[in-house]
Every structure is written in C-alpha cells, then in structure tokens.
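Report on the following structure.
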Amino acid sequence: MSPVVVGIIGILFLFLLLALRMQIGFSMALVGFLGFAALSSLQSSFAIMGMEPFKIGVTYSLTVIPLFILMGQFANHAKMGFEIYQTVYRWVGFLPGGLSMATIAACGGFAAISGSSLAAAATMGMVALPEMKRFKYDNALATGCVAAGGTLGILIPPSTVMIIYGILTEQSIATLFIAGILPGLLLTGLFILTVYVMTKLKPALGPPGPKFNLKEKIISLKATWSILCLFFLVIGGLYTGWFTPTEAAGVGAFGAFVITLIKRRLTWENFRVSLTQTGRTSAMVFLILIGAHIFGYFLTISQIPDQLSIFAAEWGLNNYIILSLIVSAYIIMGCFMEGLALMVLSIPIVYPMVLDMGFDPIWFGVIITLVMEMSLITPPVGINVFIISGISKDVPMYVIFRGIVPFWCAMLVCIILLIMFPQIALWLPLTMGN
C-alpha cells in the first residue's frame, strides 16, 4: 500500500478509537506508533516512543502550561470571578438584559486570569444563574449567555488552547496571546450586542435588575483591583517584552497566590486542591502533546499533508474558498469531537496547507481558537452546555442549546470579520515591544 493509503487507514482507526472513548493522547500515540512502524520499521517506531515523552517532559518552555493553570486555580479560590461580576452587575444590571450583559462581561474579565472556558462557565454559572432566575429571566437566555460567555476563556489570554497551538506550530506564545486580545474584546462586544438586540425585540426575555447609585458603583470598582493587577502584570509584561511566556506564567502564578493570601481566602485545603487540579490538568495536556508529536511523525511519513497541498493547488481554488472549507470542516467536526482533541488531531494536516496558501500563522491560530470556542457550545458534544446543565438542573438540555444559538451566530460573525479584516488580530502583535 502507498503511504497515503496507510495514512488514511491510520486516521480512520484513530477516529474509531476516539469513538470507543479512548483518551486522545493514548489514541494518537498508538496510531502514530503503529503507522510509523508500518511505513518505516518497528525499531524506528520504538525509538520515537522512547524519545518523545522525554523530549516533551524536559522542555523548559512547556512549564508555561502548569504555571498558567495554577494561576487560574488560585484566581478561582480568590473568588475573582464573583467580584468582577458584582462590579459589572452594579453598572449595567439595571438595563434590559443587564444581568446577562454583566455575566458576559464578567466571563471576559475572569477569562483574562483563568485561561479556562470550563472554569469561567462553572464560576459564572454558580454566581449569575441564581440572580437571573430571581429576576425571572428567560431560561434559554440565562443559560445560553453563561455557556457562551464561558468560551471567552480560551480566546482572551492567557489561553491553554493558544499555548498548545503555539507548541504544535512552533509559533510565539506571547504573540498569540497578544493577538487574542482585540478579537476577544470584539467577541465580548458581539455577545453583549446579541443580548441587547434580543431584549430590545422581546423585553420579557431579560427584565431590568436593581438600580445602584453612583457611589455604590464607584465603590464596587475597588473589587477589580486584583484582576487588573494580575492581567496588566502578565499580559503587559508579555506585550512590552519584560517577560518571556514562562516568566509571565511564573509571575502570574505567584501574583495570584499572593492576592489569594491578601484576601485571606487561601486555606490549606484550597492550596492542596489547587496543586492537585493543576497536576491532573497538566498531565492530561502533556499526554496530548506527546501523542500529537508521535502522531505527527506518522502523518509526515505518510505524505498526507503534502498531498493535500498539491491537491488544493491542482484544483486552482481561491485561497479564501479553501480557508472557508477548512473552517466549515472544523465547525462540522466540532459537533462530534471535543475542541482540543480536534485541534491537536488536525493541525499537523491543515497547518502546512495554511502556510502554503500564504496565511499568517498567528492570525490562523486566532481563527482556530474561535472555532474551538464554537465546539464548546455546539450540540451534541458542547461541554460548556453540560456544565451549565449540571448547575441549573431544572432547565432541560434542549432549552440551553436553544439559548446558545444567537451566541453561536455571533461567533460566526466574529470569524467572518476576522477573515475580512485580519488586522483585528495582527495589529497589536505588530506593536509589541515598541
């Protein structure tokens, strides 16, 4: 059999393993090992299996992953998400749909120090859903805005997805982080605009919340000092070139630790849970990276990426048509696969095509991250929807999925705008260090 045929068989076998619920890292490592052995030799395949885990495990730059995860854990125990929600709540809660707007804005703020969509959705769900229920918000709008707002955690830096993309494509993590800021703000604005339009057309969806006087609003701003300090310390340090990504992650984790101490919210139990959760999440991410690299060797020797580039060139399609097909394929696959697994599986195949078409890899990383966001709320897999369902047990699953539809459309609009105006993602990176 030709290498391409073996590669296709390997990919189909990988999908079978994933359908059988085998962990993505183990699946990719197994298929990569067997495929490389089939196309090269068993000895070479064993050499890769022995080399890659060690190579990944001792890479200094990868310490950015557990450090940023630890920062998010401390920030969660410091209740920074609750504080920023209370602040935004006092400023916009009196508007029609104001509680939903406050939830989305708070999700964006918490994303800036957590880097996790799941943490943002879970935190804001516990804080915001009871308030919206108290003011008789429509269940679909209430749950939909929390599920969608939580996805901002992987676009607004620091972002675990961007870190993994940067490692897989050998792009600057710092540049990817800075490139995600304006798209993250744009998407946050589109979410808020979506709520405004929905409640303008049908006010009963989101009745106004309580009004607060100017003094109460100004006093509430004091609660945001910790998030602002942490964000400007980490992202500002990256933007100005003061820190490398690893140094920024270390400073961020230590800063979050100190803030949690100052707020007197760090107990021995919280400290233990933070370290345990960081270790578990980091182990999962490292296993995925090891599997992805082993699988990448197999894809390279199978020649599938090269053949796809040649195929696209022979068809003579416009680059943007090919890009649209790639994004559409991601959206469809996101209905059936978890976003991170989809990205790790597809990047070795798609990324060479993107480079051949002349697209900026940093810009494409932002596009991919946005598509990964969509997969978090797309049925039937949408993980954020299941998280919100667990918090709001009285709301049927179909109601939550109905609630995310307008926000899913807002994500699609954001992707279209980024394709039409790449400068939205690329302008800030061009000014870094200046």
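Where a number appears in this text, it was derived from the coordinates with a stated rule and is not lab data. All of these numbers come straight from a predicted model, not from anything done at the bench. Methodologically, a virtual Cβ is constructed for each residue, glycine included, from the backbone with ideal geometry; neighbour enumeration extends over all protein chains shown.
Derived scalar couplings between HN and Hα for segment 254-266 equal 5, x, 5, 4, 5, 4, 5, 5, 4, 7, 6, 10, 9 Hz in order, rounded to whole Hz, by the Karplus curve 6.51 cos²θ - 1.76 cosθ + 1.60 (θ = phi - 60°), x for Gly and Pro. Per-residue ellipticity at 222 nm, computed for the chain from helices alone with -39500 (n - 2.57) per DSSP H run of at least four residues, works out to -26000 deg cm²/dmol.
Relative to the current alpha-carbon distance between SER61 and SER309, full extension at 0.36 nm per residue lengthens the span by 86.2 nm.
From the Cα gyration tensor of the chain, with a ≥ b ≥ c the square roots of its eigenvalues, which class applies: rounded if a/c is under 1.5, or else prolate if a/b is larger than b/c, or else oblate?
Taking the square roots of the gyration eigenvalues as a ≥ b ≥ c, the chain is prolate.
In straight-distance terms, cross-link reach from LYS222 covers every one of the lysines whose alpha-carbon lies under 30 Å from its own, apart from those fewer than eight places away in the same chain; here that gives LYS79, LYS133, LYS136, LYS211, LYS263.
Each peptide in 6-19, 150-163 was scored by the mean count of other Cβ atoms within 10 Å over its residues; highest first, the order is 150-163, 6-19.
Per-residue Karplus couplings for segment 152-165, computed as 6.51 cos²θ - 1.76 cosθ + 1.60 with θ equal to phi - 60°, are listed in order as 4, x, 9, 10, 6, x, x, 10, 4, 4, 5, 4, 5, 4 Hz, Gly and Pro entered as x. The calculated FRET efficiency for the pair LYS136 and LEU228, based on their C-beta separation and a Förster distance of 41 Å, comes to about 0.80. Farthest towards the positive end of the charge dipole of the chain, among the residues GLY25, ILE332, GLY150, is the Cα of GLY150, using unit charges on the Cβ of Lys, Arg, Asp and Glu. Relative protection proxy for 403-414, 213-224, 175-186, from highest mean packing down: 175-186, 403-414, 213-224 (other beta-carbon atoms within 10 angstrom).
Relative to the Cα centre, the charge distribution of the chain, modelled as +1 at Lys and Arg Cβ and -1 at Asp and Glu Cβ, gives a dipole magnitude of about 1780 debye. Using 1/(1 + (r/R0)^6) with R0 = 41 angstrom and r between the beta carbons of PHE46 and SER346, what's the FRET efficiency to the nearest 0.05? Taking R0 as 41 Å, the efficiency between PHE46 and SER346 is 0.95.
Between LEU261 and LYS202, the modelled label-to-label distance comes to 5.2 nm, taking each label 7 Å out from Cα in the direction of the beta carbon. The largest-to-smallest principal axis extents of the Cα set in segment 54-156 are 55, 23, 18 Å.
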